[in-house]
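Input: a single structure, listed below in structure tokens.
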Amino acid sequence: MNELSLGPRVNAVHSRTPRPWWQPGVVYQIYPRSFQDSDGDGIGDLEGIRRRLDYVAALGVNAIWLSPIFPSPMADFGYDVADYCGVDALFGSLDEFDALLTEVHARGLKLLLDFVPNHSSTEHRWFQESRASRDSPKRDWYFWRDPAPDGGPPNNWTSDMGGSAWEYDAATGQYYLHTFLKEQADLNWRNAEVRAAMTDVLRFWFDRGVDGLRIDVLWHCIKAADLRDNPLNPDYTPEQGEKFRVLQQHSANQPEIHELAHAFRAIADGYGERLLVGEICLPIDQLIAYYGSPEMPGVHLPFNFQLFEAPWDAAHIAHIIDVYEAALPDGSWPNWVLGSHDAPRIAGRLGEAQARVAAMLLLTLRGTPTLYQGDELGIGHVPISPERVQDPQDLRQLGLGLGRDGARTPMAWDDSRNAGFSRRDPWLPLHPDWQHRNAAAQAADPGSMLSLYRRLLALRRDHEALSIGAIELQPSSLDVLQYGRSEGEVHFVVALNFSTAPREISLPPGAASASLMLSTHGRTTFDSGLEPNEGVILRLKTD
Ligand code: GLC
Ligand code: MG
């Protein structure tokens, strides 16, 4: 794929009025352990987040999504929930949560929590009861099976974190299923009592006023009823990690999952305008099924992670935009994600210059963008020395490069001790250049990544064409991705140079001239050429 072979396509603007807040909105992911520590334990907390809300509001995003804050033994840093209706003491208390929510709302922002339905911590009271005996009333809340005839695990499923997905429990002589760590036991969503208990959980948080949920590994929640073996993956090589030893045909993405997604949606809709975002890592044709249908809607936004892995060149990015836009079901709304606590830092992967282009891409594509904390500072690759590794995914399969700690290092606020993150040494190291790559220094520098993000977010907020407008891929020269964004009579062109050489662009037919609204290089005049690694947003004049 060297060239853009795409004809222009204008997608219909589905104008439902009024639009829900999250369609033009931008979501900002906060990883609570690493945003701001207030009590000096080296780990971020809710009070810390509350104190930094002015920063978030000034950035210009619309909603905050918090990674899990619930009581947890922290085997997977909160994705192992021991009580779905509380706050871990490490992060604060329910009262502090309520205070945070009030202040978020006072700033006109929304708050999303992270709902982790596929598995609970093995320390959860439900699992403790389930484990107690074969005839526990909660035995069927999880997956318990006899050993295979040879005493080994009941089937060939592998854990995403390495090894078998089954753990033997000598007390009752059976194995239980864990798609992730053995400390994260999979819940049985075919059990009506599990569903009822989790409905109470959703109501608990919606009643408190949360504006929506990101749903962790939604596509894993239902397994084939007979738990049959997965097919072996013919392309497996050990350096991929054992997750890839088998194809997850029977352990995930079962047809019944859409009924469950719909059940979550029905609860959310009962509270008015609440947002459900699904974490789903599947190819596009399967991903879009999570939108559901008009009769049976699923989640509002099945996360679109394609920018994580797409080869970084104009043709590939144009291709994924085109295929994704074409695949979207009628009435559904797109979304794009550039970074997360699970993925390598974008600036580490692409370098600073292309990370600026990526920021412009993320914030000018049609759909709801999710921005990950620290990417707005351009935090790049952070080396983690072996003795500081924290991520269980890394520790369980050392040497495969599966570690996620590099994306989870603390925010740098200023050049004071520990970058203003904590009075104490933080739980993970800061990025090496934190003394100048921090929020205070960047806020004062118009050429910084932070200033670019703020301008992009402001421009997007001021011009609906850039958020909810139609998108049209435009033919362009090699190395340049060019698209139009239009709403009514307002037309923008975004042109992104993926190369380290200057490139010419041409305006679409009918455009008399254009004025430069924003350049990733900070310049204010434009003729027809892009500098190396430059992205521009142009506003067209059609007279
Ligand atoms: C999701 C989370 C990840 C976690 C996993 C298991 O992918 O984003 O951090 O390890 O689920 O809960
Ligand atoms: Mg703390």
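Quick notes
- Positions within segment 123-155 being part of a loop (DSSP other than H, G, I, E, B), open to solvent by less than 70 Å² (accessible area, probe 1.4 Å) and out of contact with any strand residue (DSSP E or B) (no Cβ under 6 Å at 6 or more places or on another chain), in sequence order: His124, Ser133, Ser136, Lys138, Pro147, Ala148, Gly151, Gly152, Asn155
- Segment 27-41, residues that are more than 12 Å from ligand 2 (Cβ to nearest atom) and either open to solvent by 10 Å² or more (accessible area, probe 1.4 Å) or touching a strand residue (DSSP E or B) at 6+ places or on another chain (Cβ under 6 Å) (or both): Val27, Tyr28, Gln29, Ile30
- Segment 232-253: number of residues that are assigned to a loop (DSSP other than H, G, I, E, B) and surrounded by 12 or more Cβ atoms within 10 Å (Cβ to Cβ): 10
- When Pro24, Pro117 are screened for being in contact (Cβ under 8 Å) with a residue 60 or more places away in the chain and either farther than 30 Å from Tyr142 by Cα or within 16 Å of ligand 2 (Cβ to nearest atom) (or both), only Pro24 passes.
Here is a yes/no grid of residues against (1) assigned to a loop (DSSP other than H, G, I, E, B); (2) not aliphatic (A, V, I, L, M):
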{"residue": "Met198", "(1), (2)": "no, no"}
{"residue": "Arg214", "(1), (2)": "no, yes"}
{"residue": "Ala224", "(1), (2)": "yes, no"}
{"residue": "Leu227", "(1), (2)": "yes, no"}
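- Filtered residues of segment 403-435 (kept if within 22 Å of the chain's Cα centre (by Cα), among the charged types (D, E, K, R), part of a loop (DSSP other than H, G, I, E, B) and under 20 Å from Asp45 (Cβ atoms)): Arg408
- Of residues in segment 42-60 being among the aliphatic types (A, V, I, L, M) and open to solvent by 10 Å² or more (accessible area, probe 1.4 Å), the one nearest to ligand 2 (Cβ to nearest atom): Ile43
- Applying the set (1) among the small types (Gly, Ala, Ser); (2) open to solvent by less than 10 Å² (accessible area, probe 1.4 Å); (3) touching a Gly at 6+ places or on another chain (Cβ under 6 Å) to Gly348 leaves exactly one unmet item: (2).
- Residues in segment 372-398 that are small (Gly, Ala, Ser) and in contact with a helix residue (DSSP H, G or I) (Cβ under 9 Å, 6 or more places away or on another chain): Gly374, Gly378, Gly380.
- Which numbered condition Leu452 misses (of (1) without any contact (Cβ under 8 Å) to a residue 60 or more places away in the chain; (2) open to solvent by less than 20 Å² (accessible area, probe 1.4 Å)): (1)
- Count of residues meeting criterion [touching a residue at least 12 places away in the same chain (Cβ under 8 Å) and open to solvent by 40 Å² or more (accessible area, probe 1.4 Å)] in segment 294-304: 2
- Qualifying residue in segment 459-481 (condition: part of a helix (DSSP H, G or I), of a type in the set (A, V, I, L, M) and under 30 Å from Ala419 (Cα atoms)): yes
The values are calculated or read from the model by the stated rules, or taken from the named source; none is laboratory data. Remember, predicted model here, so these are calculated numbers, not experimental data. Every residue, glycine among them, receives a Cβ derived from its backbone with ideal geometry; neighbour counts consider all protein chains shown. Please note that ligands, DNA and RNA were not included when accessible areas were found on the heavy atoms of the full protein model with its side chains. Shrake-Rupley method; radii C 1.70, N 1.55, O 1.52, S 1.80 Å.
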